[in-house]
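The values are calculated or read from the model by the stated rules, or taken from the named source; none is laboratory data. Values in this document were obtained by computation on a predicted structure and should not be read as measured data. Cβ sites come from the backbone with ideal geometry, for glycine too, and all protein chains shown count toward neighbours. SASA here: full protein model, heavy atoms, side chains in, ligands and nucleic acids out. Shrake-Rupley method; radii C 1.70, N 1.55, O 1.52, S 1.80 Å.
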Amino acid sequence: MAAGDGLNSKAQQPINSYIQTQTESTLPSQPQRPASIYHAADRSANQSSPSFISTISTNNDKNKDFDVGEADERGISHVDSRYSRLNRPLLLCAIVAAISSINYGWVIGSINIPSLVIEECSGGPETWTNGFPSCIPMSSTLWGLVVGLTPLGAWAGSMFSGIAADRFGRKRMLMYNNAFYVAGALLSCTATSIAQLSIGRFVSGIGCGVAANVVSTYNSEASTVRSRGFLGGFQQLMILLGVFFSQVVSIGLSDAPLWRVLFAISAAIAIGQTLLLFFIPESPKFLVSKGKLEESQAALQKLRKGLDTSVEFDDLLTTVEASKDDSQPPSPSMWQVVSGKTEIDLRHLVFSALFLMLSQQWSGAKGVMFYSTEVLSETFHLSDEEIKQIPTIAQLLTLGIGGVGALAVIIGMHILDKVGRRSVLIVSSFATTICAALIVVGSQLDIGPMVATAMYLFNFVFQAGAGFIPYLCASELLPYYALGSISGLATSVNCLTLFIVSFIFPILDKAIGAYLFVPFIATNFVTFLFGVFMMPEAKGKSITEVVDEYKGPVRFVAGPFSRRQQPESTGAISDNKAN
């Protein structure tokens with residue numbers, strides 16, 4: 001959720017005062033600090049230099065393709081921070097923030113490999129040592145509920161995380177959120193009953209939901225224009241790395257009572273991140289929204305070490321100033337945006353954002369992450385004795401699935417801007433459909449290697465496109481005034497769908513066995529059809545261009561049935577909002 005962009009009344013006066021000071025006092029006819037590329041482009045020997053604010057408003061579009069390096073009036077070389085690529089300080093800060101996403105992946109991945117040991121006591125009969133049982137036997141339905149409570153907790157966390165991040169700040173909220181990870185880990189690793197394990201998973205899930213919103217918000221607000229696409233997929237990459245790391249460690253910690261240590265590691269990750277968070281700056285945009293202008297400027301400079309941040313900071317000031325312009329109507333409610341009752345009809349774009357977040361979870365990919373060990377154990381017909389011999393072939397194959405997923409996201413992030421979102425989604429969802437069909441065929445023919453290979457391919461082609469594109473869609477398709485409310489709704493849809501899939505996956509496995517992936521053939525094919533006929537393409541387009549092209553009711557926008565909206569001239573208010 002991109003939240004916290006409004007200003008309170010106390011913050012308004014410092015910003016106005018700061019802008020006036022910058023315009024009247026610090027910007028005489030001859031700049032006293034290295035000029036930005038805007039000043040270099042528009043300077044005149046017989047004219048005084050314009051203020052940063054006025055220069056931005058008049059020259060933003062025509063200079064956006066300038067090189068990042070340029071010399072000022074004195075021949076001093078400098079770099080405009082807005083167009084810099086991903087630098088080391090920004091990357092390190094993004095990594096520290098994304099440790100919460102790694103913990104997210106750890107929470108959802110750590111329960112996969114030891115699942116049979118915990119729920120079916122496959123390591124041996126239940127015994128008690130020092131007051132703790134070696135396993136917690138339960139039915140597949142109850143196990144599905146225990147697993148599903150994590151995404152249900154994530155839904156709960158996503159509901160309040162935006163408001164909390166607006167109040168406390170992005171960095172501080174990540175610190176506070178680690179309390180949920182620590183509490184959930186302690187409850188899970190000391191669980192003596194199904195109820196305690198369930199509560200622990202739910203509490204850890206709250207931490208996952210908060211992380212899903214706040215990490216993406218922090219990285220988006222800290223990123224440069226050129227790094228925004230990479231950092232947009234960064235969160236999904238970190239989640240998958242967390243899954244992979246948890247599965248690597250699980251190989252040695254799956255037996256009783258070591259699976260408890262596996263759950264406890266989440267607390268160690270949270271504590272470690274809390275210490276590291278003291279060394280990264282708060283989001284500059286959040287600090288400006290609270291009127292903390294000097295702190296914001298210092299934070300921005302820390303993220304852009306060695307670069308000229310003057311114009312980027314002034315651009316940030318004007319953006320926040322515009323959000324409080326009294327001439328603008330109040331931000332529309334969620335219902336107004338969803339129902340198309342805003343000045344620009346956003347129904348098709350809202351539908352696309354919500355559909356993509358829904359499709360990400362109904363693909364069946366998370367089912368593979370949660371239950372691949374159980375499915376592969378059945379596929380290879382492992383006996384009780386073979387299951388006790390850790391690591392089993394099913395556990396080793398599960399480890400590889402996590403690694404393949406992380407590699408796929410890296411590849412997808414590099415090709416996305418070259419090929420386009422729509423094309424990547426079409427290919428990814430169609431390939432996922434084919435792989436789901438191959439899993440069914442292999443299961444029906446009882447060919448274990450074929451099922452395992454198809455699972456690897458399934459996870460790879462999904463994560464390379466359909467897995468991370470939904471995290472980018474809202475910020476690329478929706479104007480800023482609608483982004484906050486719709487992002488929260490989309491995250492809620494995503495988490496609730498994940499809860500349903502996580503809960504019914506083991507039930508379906510017991511009920512239909514070899515045909516487990518038949519429903520996912522259908523759902524992934526629906527996503528493919530959406531990509532072919534309805535997916536908006538945001539590659540190389542500004543938010544204004546996307547909104548102008550795809551505004552209107554839900555409809556086909558590609559293919560023989562497409563009904564494109566004719567571009568219309570929108571008013572000044574609409575253009576200002578869309579940007």
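One table, with the values for the structure above:
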item: Subset of the range 389-398 [touching a Phe, Trp or Tyr at 6+ places or on another chain (Cβ under 9 Å) and either buried (at least 22 other Cβ atoms within 10 Å of the Cβ) or farther than 27 Å from Val248 by Cβ (or both)]; result: Thr392, Ala394, Leu397
item: The range 524-553 - residue that is open to solvent by less than 30 Å² (accessible area, probe 1.4 Å) and not hydrophobic (A, V, I, L, M, F, W, C) and, of those, nearest to Ser475 (Cα to Cα); result: Pro536
item: Subset of the range 334-352 (residues that are touching a Pro at 6+ places or on another chain (Cβ under 6 Å) and hydroxyl-bearing (Ser, Thr, Tyr)); result: Thr342, Ser352
item: Among (1) farther than 19 Å from Val493 by Cα; (2) surrounded by fewer than 24 Cβ atoms within 10 Å (Cβ to Cβ), the one test that Gly162 misses; result: (1)
item: Pairs, first more than 13 Å from Ser428 (Cα to Cα) in the range 447-474, second open to solvent by 10 Å² or more (accessible area, probe 1.4 Å) and aromatic (Phe, Trp, Tyr), C-beta under 7 Å, six or more apart; result: Gly448/Phe380
item: Pair list, Cβ under 9 Å, 6 or more apart: the range 332-346 residue small (Gly, Ala, Ser), other residue modelled with pLDDT of 90 or more and assigned to a loop (DSSP other than H, G, I, E, B); result: Gly340/Leu346; Gly340/Gly552; Gly340/Pro553
item: Residue satisfying all of: in the range 465-483; open to solvent by 20 Å² or more (accessible area, probe 1.4 Å) and under 18 Å from the mean Cα position of the chain (by Cα); modelled with the lowest pLDDT among these; result: Tyr480
item: Candidate set: the range 265-305, residues that are modelled with pLDDT under 95 and of a type in the set (A, V, I, L, M); chosen: the one most open to solvent (accessible area, probe 1.4 Å); result: Ala298
item: Qualifying residue in the range 169-180 (condition: in contact with a Phe, Trp or Tyr (Cβ under 7 Å, 6 or more places away or on another chain), farther than 21 Å from Ala299 by Cβ and open to solvent by 10 Å² or more (accessible area, probe 1.4 Å)); result: no
item: Any hit, the range 189-209, residues being without any contact (Cβ under 8 Å) to a residue 60 or more places away in the chain, in a helix (DSSP H, G or I) and of a type in the set (S, T, N, Q); result: yes
